[in-house]
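K.L.:
A single structure is presented below for examination.
Values in this text are rule-based calculations from the coordinates and carry no lab data. In this text the structure is predicted, and so the values were computed from the model without any measurement. Cβ sites come from the backbone with ideal geometry, for glycine too, and all protein chains shown count toward neighbours.
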Amino acid sequence: MINENFLKLSGAYLFSEIAQKVKAYKAEAPRADIISLGIGDVTQPLCPAVIEALHKATDEMAIATSFRGYGPERGYDFLREAIVANDFRARGIDIDADEVFVSDGAKSDTGNFQELLSKDVRIAVTDPVYPVYVDSNVMAGREIVYLPCTAENDFVPQLPKEHVDVIYLCYPNNPTGTTLTRNQLKVWVDYALQNNALIFYDAAYEAYIQSENVPHSIYEILGAKRCAVEFHSYSKTAGFTGIRCGYTVVPKALLPAPPVGRRAANQLLSKDEEVLPPTGGVREGLLNALWNRRQSTKFNGTSYLSQRAAEAIYTPEGKEQVKATIAYYMKNARLMREALTDMGFNVYGGVDAPYLWVRTPNDMKSWEFFDWMLRSAHVVCTPGVGFGSAGEGYVRLTAFGTYENTKEALRRINDKL
Ligand SMILES: *Cc1c(COP(=O)(O)O)cnc(C)c1O
């Protein structure tokens with residue numbers, strides 16, 4: 001018997017479908033020089049500070065006295081302390097190193113975290129959405145509530161009408177490139193606190209934020225440590241898509257917890273952590289302990305090399321170099337926004353994120369416009385409907401190409417309009 005929930009997953013994977021269409025067109029028109037503005041991967045190389053750290057860590061591995069095998073469960077102290085100091089304390093947020101779990105990236109953790117919850121919890125996601133949140137919950141047999149985000153509501157999700165237990169939020173957003181202001185995010189933190197819900201906050205694009213009023217972490221919002229888990233990734237921040245490293249913050253103050261017996265909960269909490277009150281009450285530290293238990297059972301850590309590489313981006317040179325690469329992509333984003341707006345398109349995102357969400361002209365369907373772009377301009381985009389039904393009538397463009405290609409792609413689109 002197989003897990004039949006897997007059969008409920010939606011068929012073709014969006015990016016393989018795109019690759020197939022591009023391949024078919026190339027067979028038809030072998031001389032066409034195709035530029036992709038569809039790539040969801042970074043293209044600029046790792047920065048020198050990271051490369052240097054990787055070389056150094058590799059040399060350590062060659063000598064018995066500095067060789068490292070399995071690392072500590074939550075990640076090396078040097079990295080967790082750098083994270084706490086730079087990503088949180090520097091922003092006035094008080095996060096303890098024990099609340100940080102180093103991972104091999106945000107995809108695994110955003111996909112796996114739902115394992116801690118009962119099958120019966122109700123999940124809400126924004127629509128369009130990063131497919132991992134949906135598919136991992138479908139695999140677990142859960143029902144999903146969709147919160148549409150379109151130009152009509154300015155891409156700000158409305159609070160759900162029915163009770164939900166978990167809300168996945170990703171800001172700056174993939175795919176729309178839009179953000180929530182501090183006040184808009186506070187609405188969700190307040191909802192979670194009042195409704196005993198959890199927020200799973202994906203901050204993978206945090207490093208791209210340029211605007212003052214856009215929070216870098218959900219913990220900038222008062223009360224968020226009692227209701228939110230936050231996922232970070234070095235993939236888009238520092239080009240770590242092939243290196244693999246990220247981290248997840250599971251605050252000990254998180255209040256909502258699955259209803260477990262007191263004894264069971266105490267067993268899961270380690271000795272030095274707070275013991276539960278005799279009856280009911282706050283189960284402080286439980287989700288943190290459960291995640292630790294889950295990770296130490298199923299995950300054997302991120303490589304020492306990756307963690308040293310991640311540490312290097314917090315050095316003064318690392319910070320400067322990472323900022324320069326992000327500025328390169330954001331220059332592309334600005335060029336795209338301006339050029340497409342001049343051509344008459346309705347363009348969203350691209351200000352605090354490397355993604356632009358573009359309304360198709362003349363009410364074309366996402367795939368129709370994709371075909372037009374491919375065949376007329378020889379430019380590849382990503383059909384918005386592939387991220388959810390509310391994405392119909394939009395396409396996603398990314399700023400991850402080279403400046404030259406981006407400029408050329410825009411010139412061609414303009415010529416063919
Ligand atoms: C790219 C991306 C991630 C990062 O995934 P990694 O596994 O860290 O490479 C996470 N969330 C979203 C929404 C992304 O687009």
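K.L.:
Based on the Kirkwood radius over alpha-carbon pairs, what value in µm²/s does the Stokes-Einstein equation return for the translational diffusion coefficient of region 1-92 at 37 °C and 0.692 mPa s?
P.N.:
After rounding, the answer is 170 µm²/s.
K.L.:
What is the Å³ per residue value for the convex hull set by the Cα atoms of the chain?
P.N.:
With only Cα atoms used, the chain gives 170 Å³ per residue.
K.L.:
Just need the relative contact order of the chain here, percent rounded to a whole number, with Cα pairs under 8 Å and 6+ apart. Don't jump to the answer; show the numbers that get you there.
P.N.:
On the way: 761 pairs, mean separation 93.2, N = 417.
Across the chain, relative contact order equals 22 percent.
K.L.:
Please check: in the Gaussian network model of the chain (C-alpha springs, under 10 Å), which one of 58, 248, 126 has the largest mean-square fluctuation.
P.N.:
With Cα springs under 10 Å in the chain, the top fluctuation among 58, 248, 126 is at 58.
K.L.:
For every other residue with a beta carbon closer than 13 angstrom to the beta carbon of residue 209, add +1 if it is Lys or Arg and -1 if Asp or Glu, then tell me the sum.
P.N.:
Within the 13 Å Cβ shell, the charges total -1.
K.L.:
Related question: What percent of all Cα-Cα pairs in region 74-213 falls in each 5 Å bin, counting up from 0?
P.N.:
Spelled out per bin, shortest first, that is 2, 9, 17, 21, 21, 17, 10, 3, 0, 0.
K.L.:
Follow-up question, since we're still on this one. Taking the Kirkwood radius as the inverse of the mean 1/r across Cα pairs, report the Rg/Rh of region 103-149.
P.N.:
Across region 103-149, the Cα-based Rg/Rh ratio is 0.96.
K.L.:
Let me ask something else about it. Per-residue ellipticity at 222 nm for the chain, helices alone: DSSP H runs ≥ 4 residues times -39500 (n - 2.57), over residue total, nearest 500 deg cm²/dmol?
P.N.:
-10500 deg cm²/dmol
K.L.:
Ok, one more. To make sure I understand the rule: partners must be lysines, Cα under 28 Å from the Cα of residue 26, and not fewer than 8 residues away in the same chain. Which ones qualify?
P.N.:
Qualifying lysines at Cα under 28 Å: 365, 407, 416.
K.L.:
If you average the C-alpha positions of region 160-198 and of region 361-408 separately, how far apart do those two centres end up, in angstrom?
P.N.:
Each part's Cα centre sits 27 Å from the other's.
K.L.:
Relative to the longest principal Cα axis of the chain, at what angle does helix 14-28 sit, 0 to 90 degrees, rounded to 10?
P.N.:
Computed tilt is about 20 degrees.
K.L.:
Among DSSP beta bridges lying fully in the chain, give the percent that are antiparallel, nearest 5. Present the calculation step by step, with values, prior to reporting the outcome.
P.N.:
Details: 18 of 37 bridges.
If I count the DSSP bridges inside the chain, around 50 percent turn out antiparallel.
K.L.:
Could you tell me which of rounded, prolate or oblate describes region 37-150, using a ≥ b ≥ c as the square roots of the eigenvalues of the alpha-carbon gyration tensor, with rounded for a/c under 1.5 and, failing that, prolate when a/b is larger than b/c and oblate otherwise?
P.N.:
prolate
K.L.:
What angle, in degrees between 0 and 90 and rounded to the nearest 10, separates the Cα long axis of helix 286-298 from the longest principal axis of the Cα atoms of the chain?
P.N.:
Value to nearest ten degrees: 70.
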